[in-house]
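Student: Below is a structure I'd like to ask you about.
Throughout, read-outs are computed from the coordinates displayed, never taken from laboratory work. What you see is a predicted model, and the numbers here were worked out from it, not measured in a lab. Virtual Cβ from ideal backbone geometry, glycine too; neighbours counted across all protein chains shown.
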Amino acid sequence: MYYINKYGINNHLNRLDISNKTKYLNNLLGRINYVFDVTNDKIFLKYRDYLKEI
C-alpha cells in the first residue's frame, strides 16, 4: 500500500512487471482482509476502501 500511495497503482504495477491488475488487486485485498480479521486495526479498513475505489 505504501508504494501504491507513493507512486500510483499503474507505476507500481509497471515497476513490478505485473500485467494483470485485477488479479493483483484481488490478491492484495484478500491479504488486507485477512490482516484486518486478525488484528481489527482500523487502518486496514481504510486500505480496503481505497483498493475498492481503484
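Student: Under a cut-off of 18 Å between alpha-carbon atoms, report the lysines in cross-link reach of LYS21, not counting same-chain residues fewer than 8 places apart.
Tutor: List returned: LYS6, LYS52.
Student: In addition: Of the chymotrypsin sites (Phe, Trp or Tyr not before Pro) in region 21-51, which ones lie in a loop per DSSP and count no more than 13 other C-beta atoms within 10 Å?
Tutor: Counting only loop positions with at most 13 other Cβ atoms within 10 Å, none of the chymotrypsin sites (Phe, Trp or Tyr not before Pro) in region 21-51 qualifies.
Student: Full-extension gain between ASN26 and GLU53, please, as 0.36 nm times their residue separation minus the C-alpha to C-alpha distance.
Tutor: Working: separation 27, 0.36 × 27 = 9.72 nm, distance 1.24 nm.
Stretched out fully, the ASN26 to GLU53 stretch lengthens by 8.5 nm.
Student: For semi-axes √(5λ) of the Cα gyration tensor in Å, several values are listed as [x] 29, 19, 4; [y] 15, 13, 10; [z] 21, 12, 9; flag the one computed from this structure.
Tutor: Of the listed options [x] 29, 19, 4; [y] 15, 13, 10; [z] 21, 12, 9, [z] comes from this structure.
Student: So for the pair ILE9, TYR34, with labels modelled 7 Å out along Cα→Cβ, what separation do we get in nm?
Tutor: 2.1 nm
Student: Gain in length, LEU45 to SER19, computed as 0.36 nm per residue apart minus the alpha-carbon separation, to one decimal in nm?
Tutor: 6.8 nm
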